[in-house]
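Please read the structure below before turning to the comments.
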């Protein structure tokens, strides 16, 4: 009777060989662990992702970057020009406002100059009126002085007793001392004394004004008229 071959050693040997082949295939990359046949070169090329060509793609990338730069540069220039246009409009508006203000100032200055000229004319008329009135007052005083100088001292004294003191001072100051002395000798004692004090004070005032350089003014005639 023949001996049967043992199956266990055979199975173990086959499994070891299969495991060895799988390990070698995994390390070499020619086959997968599942034991499939390695793919051909055409299949690997078809399965691999497409890689861009270096030279052509570099030129295309440079051209795209240049075009993008041109677009960005064009946008920047457009934005700058737009802002410059807006700034120009603002400056034009400001210039128009300044021109309007300048015209208003010129108009106001012209009105002021016209008003000053008008006031100067009014001042001239007032000065002429005042001068005419002063000349009239002076003429009236000169007439009164001549009239009192030709009157008798007794008659002039009666008038001087009732005449306003300020007017009397001006008249007496313009008369000759001998004429005024004859009249005062006929005046009432109180009136003569009051006139004497007033004449002294008036003379001191005139001397002080002469020292200061300020002119003296003639008083208005507001007293009683002769013969009243």
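Points worth noting:
Table: residues versus (1) part of a helix (DSSP H, G or I); (2) out of contact with any strand residue (DSSP E or B) (no Cβ under 8 Å at 6 or more places or on another chain); (3) surrounded by 15 or more Cβ atoms within 10 Å (Cβ to Cβ); (4) on the phi < 0 side of the Ramachandran plot.
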{"site": "170", "(1), (2), (3), (4)": "yes, yes, yes, yes"}
{"site": "180", "(1), (2), (3), (4)": "yes, yes, yes, yes"}
{"site": "187", "(1), (2), (3), (4)": "no, yes, yes, yes"}
{"site": "193", "(1), (2), (3), (4)": "yes, yes, no, yes"}
{"site": "198", "(1), (2), (3), (4)": "yes, yes, yes, yes"}
{"site": "203", "(1), (2), (3), (4)": "yes, yes, no, yes"}
{"site": "206", "(1), (2), (3), (4)": "yes, yes, no, yes"}
{"site": "209", "(1), (2), (3), (4)": "yes, yes, no, yes"}
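- Pair list, Cβ under 8 Å, 6 or more apart: region 122-150 residue modelled with pLDDT under 85, other residue surrounded by 10 or more Cβ atoms within 10 Å (Cβ to Cβ) and in a helix (DSSP H, G or I): 141/170; 141/171; 141/174; 144/171
- Per-region count, region 147-164, residues surrounded by fewer than 12 Cβ atoms within 10 Å (Cβ to Cβ) and either under 60 Å from the mean Cα position of the chain (by Cα) or assigned to a helix (DSSP H, G or I) (or both): 1
The values are calculated or read from the model by the stated rules, or taken from the named source; none is laboratory data. None of these values were measured; they are calculated from a predicted model. Cβ coordinates were reconstructed from backbone atoms using ideal geometry, including for glycine residues, and neighbour counts include every protein chain displayed.
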